[in-house]
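The values are calculated or read from the model by the stated rules, or taken from the named source; none is laboratory data. None of the values given here were measured: they were computed from a predicted structure. Every residue, glycine among them, receives a Cβ derived from its backbone with ideal geometry; neighbour counts consider all protein chains shown.
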Amino acid sequence: MNNKFQTTIKNLSFALVLLASLFSMQASALQMNPLSVVLKPSGGGAKQSFRVTNESNKPIAVQFSVTTRQQVNNKEIRRPADKQFMIYPPQTIIPARSTQKVRIEWLGAGKIPREQAYRLIAEQVYVSLDDKEQTGVKMLMTLVGALYVQPNGMRSNVQVKAVQRHGNKLAITLANTGNRHQLMRFATLTLKNGAKVITLKGKQLAGLDGNNVLGGATKRFFIPLPKGFVNGRWTGTVKYPR
């Protein structure tokens, strides 16, 4: 390997590290709190506020939008839903090291039979705020939060529908037949095959624990193959804090 080639490789490696660092800095420059907003279909709860913080040393222009959110075949399907909400302000310029309060209001039906899930998106847009010509790489940030319109009395009901070995992983299919979403935090999974019982929680459920199953959705998760697992007919039950 000649010196010129070695120098090229070193320069390329440095550039990749620098680019990764820039992406990391950009990703942390814009923050949204809370990342999950719950609205009621009517009354005072039909409007809420959230905050977007610019932690960088330069002003950032941000626009807001809402999409639907469906879990289909382990994919998230999104479609525009801005007409169902009012966001104020819809666009804003957040000064450096400051926070902007944003209000969102549900404009849809006052009565809905089940929780409706959406995505709340804050997207940086490029606006030249300097007189000088802008040069270099322009990396724009996008924050994606959870938004729910949730009537009173909604409940989740997550059940294990299938347990299948998948190489060195175990595929667990969960179905939420309830009418509201469920975060599978601190879940406990119990597997049974005849007299053999395996109970899993915490790191044993990596890939499942902490994930979200929307109301009416079915999702497949892959977890580490448990110790003592043998091929055969397994059933499962899952418990989780509501």
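Every residue, every condition in (1) of a type in the set (Gly, Ala, Ser); (2) at pLDDT below 95, yes or no:
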| position | (1), (2) |
| --- | --- |
| PHE50 | no, no |
| ASN74 | no, yes |
| ILE77 | no, no |
| PRO89 | no, no |
| ILE104 | no, no |
| ALA122 | yes, no |
| LYS132 | no, yes |
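Only one residue in ALA187, ALA217, ALA206 is of a type outside the set (D, E, K, R), in contact with a Gly (Cβ under 9 Å, 6 or more places away or on another chain) and not assigned by TED's automatic domain parsing to the domain that holds GLN116, so which one is that? Talk me through it step by step, then tell me what you get.
Numbers: ALA217 fails: in contact with a Gly (Cβ under 9 Å, 6 or more places away or on another chain); ALA206 fails: in contact with a Gly (Cβ under 9 Å, 6 or more places away or on another chain).
Answer to the check: ALA187.
Report whether or not ARG97 is among the charged types (D, E, K, R), at pLDDT 95 or above and under 30 Å from ASN211 (Cα atoms).
It is false that ARG97 is among the charged types (D, E, K, R), at pLDDT 95 or above and under 30 Å from ASN211 (Cα atoms).
Among (1) closer than 30 Å to LYS111 by Cβ; (2) modelled with pLDDT under 95, there is one condition VAL230 misses while meeting the rest; what is its number?
(1)
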